[in-house]
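Data first, discussion second: the structure below is written as structure tokens.
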Amino acid sequence: QVQLVESGGGLVQAGGSLRLSCAASGLTFSVYGVGWFRQAPGKEREFVAAITWSGGTTYYADSVKGRFTISRDNAKNTVALQMNSLKPEDTAVYYCAAKQWLELSFTGDYPYWGQGTQVTVSS
């Protein structure tokens, strides 16, 4: 079955960096776009970043543009989210998700989700 497993979360001070990874199995990864989402306590899940199947196009939420970078390695079935200049408001559980035809709608309708990894940014 399809599995997406996030890793790399943790506790970091404001201004620091973390690199999240999403490892996929059970699907032809190279034809799936991947998105990162986050959910803070008491808030709705929100879109963070996404990348198309080829890695040729990326999308970012305004709140992370210029600080976060999404990338993928289809040979390793992984997608990374490099997070720099972290702020306390970036604290959340981060999820990766996969879908085909991501270009049509990169903020929703993902059929496959990981379990999430906690990111905590202290002030």
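Applying 0.36 nm per residue to the separation of Thr120 and Val31 and subtracting their alpha-carbon distance, the gain on full extension is 28.8 nm.
Take 100-110, 86-96 and order them by the average number of nearby Cβ atoms within 10 Å per residue, most first; the result is 86-96, 100-110. Based on Cα contacts under 8 Å between residues 6+ apart, the range 45-104 shows a relative contact order of 27 percent.
Rounded to the nearest 20, the size of the Cβ-charge dipole of the chain about its Cα centre is 180 debye, with Lys and Arg at +1 and Asp and Glu at -1. A convex hull fitted to the Cα coordinates of the range 1-63 yields 122 cubic angstrom per residue. Note: relative contact order over the range 1-114, using C-alpha pairs below 8 Å and six or more positions apart, is 33 percent. Using a Gaussian network for the chain with springs between C-alpha atoms less than 10 Å apart, which of these wobbles most: Ala49, Ala98, Ala75? It is Ala75. Normalised per residue, the accessible area of the chain is 51 Å², obtained with a 1.4 Å probe and no contribution from ligands, DNA or RNA.
The portion of the accessible surface of the chain made up by carbon and sulfur, rounded to a whole percent, is 48 (1.4 Å probe; DNA, RNA and ligands excluded).
The values are calculated or read from the model by the stated rules, or taken from the named source; none is laboratory data. These numbers were taken from a predicted model, which means no experiment stands behind them. Please note: Cβ atoms are built from the backbone with ideal geometry, for glycine as well, and neighbour counts cover all protein chains shown. Ligands, DNA and RNA are excluded from the accessible area calculation, which covers all protein heavy atoms including side chains. Shrake-Rupley method; radii C 1.70, N 1.55, O 1.52, S 1.80 Å.
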